[in-house]
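Only one structure is covered here, and it is reproduced in the block below.
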Amino acid sequence: MDGEYRVETLAVPETLNLLHDLLDRVREDHPDVERTDLMLFETAVIEITNNVVEHGPAGTIHYSFTLDVEHDRLLGHLCDGGPPLEKPLRTMPHTGSENGRGLALARIALDDLAYQRVDEHNEWTMVRRRR
């Protein structure tokens, strides 16, 4: 059974719980999806969305997140009105670094992560193939 799930809200720390709740609903609605796939997908979604919350002007950015549960993959789209990504999607920083791990973790957890700036919005596409 395929399904689509959506959250649209203001980018403040409390709204990250909405994403956790959304993924809990997916777990309940789709017991056939491997728990590891959902856990890794959730890690990526939260890391990326947390960057939107953390690096944008407080309380002024909105984001929308849509998750499509397909027979062979989890497909997420995040669109936010925050500032453009300044640093490219990169690998894990050296062990002494305190920043830059979120996007690197997301890249490891996903099979595909794409970013583009469209007009005044950031658009993220996240794919985790189902095992």
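Report whether or not V45 is modelled with pLDDT of 90 or more, in contact with a Phe, Trp or Tyr (Cβ under 9 Å, 6 or more places away or on another chain) and closer than 21 Å to E14 by Cβ.
Spelling it out, V45 is indeed modelled with pLDDT of 90 or more, in contact with a Phe, Trp or Tyr (Cβ under 9 Å, 6 or more places away or on another chain) and closer than 21 Å to E14 by Cβ.
Can you find even one residue in segment 48-61 that is closer than 23 Å to R131 by Cα and modelled with pLDDT of 90 or more?
Yes.
Pull up segment 1-11, narrow it to residues that are farther than 14 Å from L75 by Cα, out of contact with any Leu (no Cβ under 8 Å at 6 or more places or on another chain) and not small (G, A, S), then point me to the one that is surrounded by the fewest Cβ atoms within 10 Å (Cβ to Cβ).
Out of the qualifying residues, it is M1.
One residue is enough: does segment 105-128 have a residue meeting the conditions assigned to a helix (DSSP H, G or I), among the small types (G, A, S) and at pLDDT below 95?
Within segment 105-128, one or more residues are assigned to a helix (DSSP H, G or I), among the small types (G, A, S) and at pLDDT below 95.
Kindly evaluate E14 against the criterion of being exposed (fewer than 12 other Cβ atoms within 10 Å of the Cβ), modelled with pLDDT under 95 and either touching a Ser or Thr at 6+ places or on another chain (Cβ under 9 Å) or part of a helix (DSSP H, G or I) (or both).
yes
Report, ordered by the first and then the second residue, all pairs with beta carbons closer than 7 Å, sequence separation of six or more or different chains, a first member in segment 12-41 that is closer than 18 Å to A109 by Cα and in contact (Cβ under 8 Å) with a residue 12 or more places away in the chain, and a second member that is surrounded by 13 or more Cβ atoms within 10 Å (Cβ to Cβ) and of a type in the set (D, E).
Sorted first by the residue in segment 12-41, then by its partner, the pairs are L23/E42.
Within segment 29-39, can one find any residue that is closer than 18 Å to Y115 by Cα and of a type outside the set (S, T, Y)?
So far as segment 29-39 goes, no, none of its residues is closer than 18 Å to Y115 by Cα and of a type outside the set (S, T, Y).
Just to be sure I understand the filter: pairs with C-beta atoms under 8 Å, separated by 6 or more residues or on different chains, first member in segment 107-131 and touching a residue at least 12 places away in the same chain (Cβ under 8 Å) and crowded, with 18+ Cβ neighbours inside 10 Å, second member hydroxyl-bearing (S, T, Y) and assigned to a strand (DSSP E or B). Which pairs pass?
What qualifies is L113/T125; N122/Y115; W124/Y115.
The values are calculated or read from the model by the stated rules, or taken from the named source; none is laboratory data. Keep in mind the model is a prediction, meaning the values are calculated, not measured. No Cβ is skipped: glycine too gets one built from the backbone with ideal geometry, and neighbour counts run over all protein chains shown.
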